[in-house]
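A short write-up of the structure that comes next.
The values are calculated or read from the model by the stated rules, or taken from the named source; none is laboratory data. If you're wondering where the values come from, they're calculated on a predicted model, not measured in any experiment. Backbone-built Cβ (ideal geometry, glycine too); neighbour counts: all protein chains shown. With ligands, DNA and RNA removed, areas are computed over all heavy atoms of the protein, side chains included. Shrake-Rupley method; radii C 1.70, N 1.55, O 1.52, S 1.80 Å.
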Amino acid sequence: MQRGNKQELRSYYSHQRFVLSDQRHAKYSEMITNQTRSLNVWSYQNYHVYLTSENPNHKEVKTFQLIDLLWKKKKQVFVPKVNGQELEIHPFSKNTLLRNNQWLIPEPTEIDKENPEILQVAFLPLIVADQRGYRLGYGKGYYDRFLNQCVSSILKIGLGFFAPIQSIEDVHSADQKLNYLITPKKIYEFD
């Protein structure tokens, strides 16, 4: 499916992720982490990384290898936590206690949130992106609202299993464009 509205695309590509075998899901996630090594983003210090949903139906790109890579490079990692209709960011270390939220997404239990303006790079979840760099998420708008709180220069990097499709037809003015999409086989850069 190369184009469509968000609902159609969400249904189609969510199913494509769901049918990935556990082995392929893990392998593709590892390949995506390895792809990040060639990005020119390692001079920054403050990185946002989402924590992978533990819902077996979602099969998001796994991020713990990426987080480990960032720690090895002595970077500061921040992870999201849902608060009402907004995402907060919290410092994340090996000692951070986590608890799953209602969507089975691990979140920090601490209350030491930070201002999103300190972030320089954000690794973002998505279902699929299009050739213009628009990402399709789960439809709740959390990340679009969150990115509006960040500095305009933040690098937005989507992590996904599929190459960009031709177009998401019902993009809204509040939808945020990616700078990069990382897939298992290729990195795509958007204007």
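Looking only at region 23-46, decide whether some residue is of a type in the set (S, T, N, Q), at pLDDT 95 or above, within 20 Å of residue 107 (Cα to Cα) and touching a Leu at 6+ places or on another chain (Cβ under 8 Å). There is at least one residue in region 23-46 that is of a type in the set (S, T, N, Q), at pLDDT 95 or above, within 20 Å of residue 107 (Cα to Cα) and touching a Leu at 6+ places or on another chain (Cβ under 8 Å). Checked across region 3-23, the condition of being open to solvent by 10 Å² or more (accessible area, probe 1.4 Å) and in contact with a Ser or Thr (Cβ under 8 Å, 6 or more places away or on another chain) holds for at least one residue. Just one residue in the set 118, 127, 165, 157 is in contact (Cβ under 8 Å) with a residue 12 or more places away in the chain and more than 24 Å from residue 57 (Cα to Cα); that residue is 118. Answer with yes or no whether residue 87 is assigned to a strand (DSSP E or B) and open to solvent by less than 20 Å² (accessible area, probe 1.4 Å). When the stated conditions are applied, residue 87 passes them. Determine whether residue 51 is open to solvent by less than 20 Å² (accessible area, probe 1.4 Å) and in a loop (DSSP other than H, G, I, E, B). Criteria met by residue 51. Are any residues in region 28-38 in contact (Cβ under 8 Å) with a residue 40 or more places away in the chain and either open to solvent by 10 Å² or more (accessible area, probe 1.4 Å) or farther than 17 Å from residue 77 by Cβ (or both), and if so, which ones? Correct list: 28, 31, 35, 38. A count restricted to region 65-84 and to residues that are of a type in the set (D, E, K, R) and in a strand (DSSP E or B) stands at 1.
Each residue in region 1-47 was checked for being in a loop (DSSP other than H, G, I, E, B) and within 19 Å of the chain's Cα centre (by Cα), and 9 of them qualify.
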